[in-house]
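Working notes, beginning with the structure itself.
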């Protein structure tokens with residue numbers, strides 16, 4: 001029981017770092033791929049940071065809530 | 001109300017190569033100024049510096065005598081048409097006009113053939129049509145100054161004339177800075193023309209100055 005809980009924490013840690021890594025890749029790729037289209041938003045007074053911040057916060061929170069929900073569900077159903 | 005935009009003291013270097021070093025530009029409400037120069041002379045770089053997109057240690061950009069930084073943060077001061085397509089392809093034309101607070105029926109007075117595109121996505125239009133929508137959104141939207149990088153490229157001659165008439169109308173409310181290699185249109189429409197040579201700007205008087213500065217041939 002103790003061992004399985006310890007492994008679970010390691011898995012969650014790894015998943016969190018993997019999520020942060022993929023978000024970084026997403027930002028880099030999109031900044032390069034959609035580089036020209038950022039001018040549209042700049043011409044409307046919307047900066048890159050204003051565009052990215054809500055998306056990243058929502059994405060990370062959605063991932064975190066899903067992870068916590070799944071983890072607590074599994075913990076509750078285990079003998 | 002009239003406004004003045006002044007640009008000077010710009011130094012831009014790429015490694016050991018100095019691209020811009022002695023630049024002076026002045027524009028005011030009611031004026032169209034043109035920037036000409038050979039390929040790689042630094043016209044687009046200059047526009048990007050003024051817009052705040054390229055950072056340099058040395059630059060002085062002033063609106064009505066007051067320094068402005070990162071002009072792109074304030075579209076009411078300056079809007080910029082880059083030389084490439086910049087409108088997201090999935091947006092509908094009506095959304096674009098709403099975002100820029102523009103009247104579509106006014107646009108169709110100039111370009112009646114666009115009437116059918118109101119509810120159509122931007123990607124469904126041809127390259128030239130896309131460019132016309134882009135030029136109009138920057139040119140006609142509410143701002144004190146606008147910079148247009150190669151507005152006449154990709155556009156057919158009939159529409160170039162229409163764009164020039166829109167510019168003449170819009171310059172009453174704003175200052176316009178244009179650069180394009182179709183220099184005859186620039187000569188035709190601009191009140192003042194600067195040529196960038198060896199990183200410096202030269203204010204020209206007539207076509208003979210363009211020949212002297214090596215931008216066009218004698219013949």
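The values are calculated or read from the model by the stated rules, or taken from the named source; none is laboratory data. Just so we're clear, the structure is a prediction, and the values are computed from it rather than from any experiment. Every residue, glycine among them, receives a Cβ derived from its backbone with ideal geometry; neighbour counts consider all protein chains shown.
Which one of B:150, B:53 is under 27 Å from residue B:24 (Cβ atoms), surrounded by 14 or more Cβ atoms within 10 Å (Cβ to Cβ) and at the interface with chain A (Cβ under 9 Å from one of its Cβ atoms)?
Criteria check complete, one pass: B:53.
For every residue, the table says whether it meets (1) more than 10 Å from chain B (Cβ to nearest Cβ); (2) in contact (Cβ under 8 Å) with a residue 24 or more places away in the chain; (3) within 22 Å of residue B:122 (Cα to Cα).
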site: A:24; (1), (2), (3): yes, no, no
site: A:28; (1), (2), (3): yes, no, no
site: A:31; (1), (2), (3): yes, no, yes
site: A:34; (1), (2), (3): no, no, yes
site: A:51; (1), (2), (3): yes, no, yes
site: A:58; (1), (2), (3): yes, no, no
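Conditions (1) closer than 30 Å to residue B:120 by Cβ; (2) in a loop (DSSP other than H, G, I, E, B), marked per residue:
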{"residue": "B:46", "(1), (2)": "no, no"}
{"residue": "B:55", "(1), (2)": "no, yes"}
{"residue": "B:62", "(1), (2)": "no, no"}
{"residue": "B:69", "(1), (2)": "no, yes"}
{"residue": "B:75", "(1), (2)": "yes, yes"}
{"residue": "B:84", "(1), (2)": "yes, yes"}
{"residue": "B:88", "(1), (2)": "yes, yes"}
{"residue": "B:95", "(1), (2)": "yes, no"}
{"residue": "B:98", "(1), (2)": "yes, no"}
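Output the residues belonging to the range B:65-76 that are more than 10 Å from every other protein chain (Cβ to nearest Cβ) and touching a strand residue (DSSP E or B) at 6+ places or on another chain (Cβ under 6 Å).
B:68
Checking the structure you have, find out if any residue of the range B:157-172 is closer than 13 Å to residue B:43 by Cβ and in contact (Cβ under 8 Å) with a residue 40 or more places away in the chain.
No: zero hits.
Is there a residue in the range B:127-147 that is more than 14 Å from chain A (Cβ to nearest Cβ), crowded, with 22+ Cβ neighbours inside 10 Å and at pLDDT 95 or above?
yes
Being touching a strand residue (DSSP E or B) at 6+ places or on another chain (Cβ under 8 Å) and free of Cβ contacts under 8 Å to residues at least 12 places away in the same chain is true for just one of B:109, B:13, B:113. Which residue is that?
B:13
Only residues that are over 30 Å from residue A:9 (Cα atoms), in a helix (DSSP H, G or I) and over 21 Å from the mean Cα position of the chain (by Cα): list them for the range A:21-79, please.
A:38, A:39, A:40, A:41, A:42
At pLDDT below 95, within 30 Å of residue B:140 (Cβ to Cβ) and either surrounded by 10 or more Cβ atoms within 10 Å (Cβ to Cβ) or within 14 Å of chain B (Cβ to nearest Cβ) (or both): which single residue out of A:5, A:45 fits that description?
Being at pLDDT below 95, within 30 Å of residue B:140 (Cβ to Cβ) and either surrounded by 10 or more Cβ atoms within 10 Å (Cβ to Cβ) or within 14 Å of chain B (Cβ to nearest Cβ) (or both) holds for just one of A:5, A:45, which is A:45.
Determine which single condition residue B:19 fails, assuming it passes every other condition in (1) over 28 Å from residue B:158 (Cα atoms); (2) without any contact (Cβ under 8 Å) to a residue 24 or more places away in the chain; (3) crowded, with 16+ Cβ neighbours inside 10 Å.
Among (1) over 28 Å from residue B:158 (Cα atoms); (2) without any contact (Cβ under 8 Å) to a residue 24 or more places away in the chain; (3) crowded, with 16+ Cβ neighbours inside 10 Å, residue B:19 violates only (2).
Among the residues of the range B:65-85, what is the count of those that are without any contact (Cβ under 8 Å) to a residue 60 or more places away in the chain and surrounded by 17 or more Cβ atoms within 10 Å (Cβ to Cβ)?
4
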